[in-house]
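Visitor: Dumping the structure here so I can ask a few things about it.
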Amino acid sequence: MADLVTFAAEGATGTITLRRAEKFNALDIPMLRALDAALGEAEASAVRVVLLRGEGKGFCAGGDIDGWSGMDAVGFAHDWVRYGHRVFDRLARLRQPTIAVLSGHALGGGLELAVACDFRVAEAQVKLGFPETSLGVVPGWSGTQRAVRRFGAQVVRRMALGGEILSASDALALGIVDRVVETGQGATEARAWAEKIASRGPLATEAAKLMIAVAEGEETAAATEALASGFIALTGDLKAGVAAFREKRKPEFSRT
């Protein structure tokens, strides 16, 4: 399972790579578990920016039909949709800024995966869309939720209801991707962008990402408490309170 998705750090930049090239990096339960583990490695590492890419010619072809089509209704809802949501939410809430490197098509769950990143660099040949309704299913990993919050309902309607498959240039015009580059240049562009982001204040960058997530509705209670707790941890009041607790005396707070 560990070989299906890997994390590697190089300086201030980390890279999570989907390694199921023979299936265009389509996601099944083992892939989701491996992605979950790789995200944990990235979160615990010292890197300041994380790239997400797919091995071979594809970024991510979405959910592997063989991975979910045999499930009963309960398993499909719980083991597939809800678990996938938890993994994608973890990506969206990663403390480091994230850049999806779209060197191949991002369809269905693959587009939902890219949407969970902060930025998207697409190569010119890439196609994007939500084709799920053509299979009699619906987007299940926040294509109708996070994608609507980030890009607007009408754009998602065009893909999910109208069946539009967008070119990279169309996606750029609609704000779905942030940059379009020539075929083969996605990783180079994303790494250069990552280095620029990594050169900025790391704590300020993480705090800004959290604040934007709150405004967007991606984060609420956890982000608010994390920001407040981080501030309090720097104060003399916390040190005074902890010292008093250990010494079994009344604390002397100074509001500093």
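The values are calculated or read from the model by the stated rules, or taken from the named source; none is laboratory data. Being a predicted model, the structure only gives us computed values, none of them experimental. Cβ sites come from the backbone with ideal geometry, for glycine too, and all protein chains shown count toward neighbours.
Visitor: Check V156 against each of (1) at pLDDT below 95; (2) in contact with a Ser or Thr (Cβ under 8 Å, 6 or more places away or on another chain) and name the one condition it does not meet.
Guide: Tallying (1) at pLDDT below 95; (2) in contact with a Ser or Thr (Cβ under 8 Å, 6 or more places away or on another chain), V156 fails exactly one: (1).
Visitor: What is the residue count in region 180-206 for residues that are within 25 Å of A147 (Cβ to Cβ) and either charged (D, E, K, R) or part of a helix (DSSP H, G or I) (or both)?
Guide: 9
Visitor: Exactly one condition in (1) part of a helix (DSSP H, G or I); (2) within 17 Å of the chain's Cα centre (by Cα) is false for R157; which is it?
Guide: Going through the list (1) part of a helix (DSSP H, G or I); (2) within 17 Å of the chain's Cα centre (by Cα), R157 breaks only (2).
Visitor: Another question, if that's okay. May I ask you to list the residues in region 150-205 that are over 15 Å from D118 (Cβ atoms) and among the β-branched types (V, I, T)?
Guide: Answer for region 150-205, where residues must be over 15 Å from D118 (Cβ atoms) and among the β-branched types (V, I, T): V155, V156, I165, V180, V181, T183, T188.
Visitor: Considering only residues that are under 20 Å from the mean Cα position of the chain (by Cα) and either surrounded by fewer than 11 Cβ atoms within 10 Å (Cβ to Cβ) or without any contact (Cβ under 8 Å) to a residue 60 or more places away in the chain (or both), look in region 182-202 and name the one that is farthest from G54 (Cα to Cα).
Guide: K196
Visitor: Taking the conditions exactly as written (among the polar types (S, T, N, Q), surrounded by fewer than 24 Cβ atoms within 10 Å (Cβ to Cβ) and more than 25 Å from L161 (Cα to Cα)), does S69 satisfy them or not?
Guide: Taking the combined requirement at face value, the residue does not satisfy it.
Visitor: Of all residues in region 207-224, which are assigned to a helix (DSSP H, G or I) and of a type in the set (S, T, Y)?
Guide: T224 - this is the single residue of region 207-224 that is assigned to a helix (DSSP H, G or I) and of a type in the set (S, T, Y).
Visitor: Let me ask something else about it. Being surrounded by 19 or more Cβ atoms within 10 Å (Cβ to Cβ) and either of a type in the set (D, E, K, R) or modelled with pLDDT of 95 or more (or both) is true for just one of L113, L174, L161. Which residue is that?
Guide: L113
Visitor: Six or more apart or on different chains, Cβ under 8 Å: which pairs go from a residue in region 133-154 that's free of Cβ contacts under 8 Å to residues at least 12 places away in the same chain to one that's crowded, with 17+ Cβ neighbours inside 10 Å? Could you list them?
Guide: V148/V156
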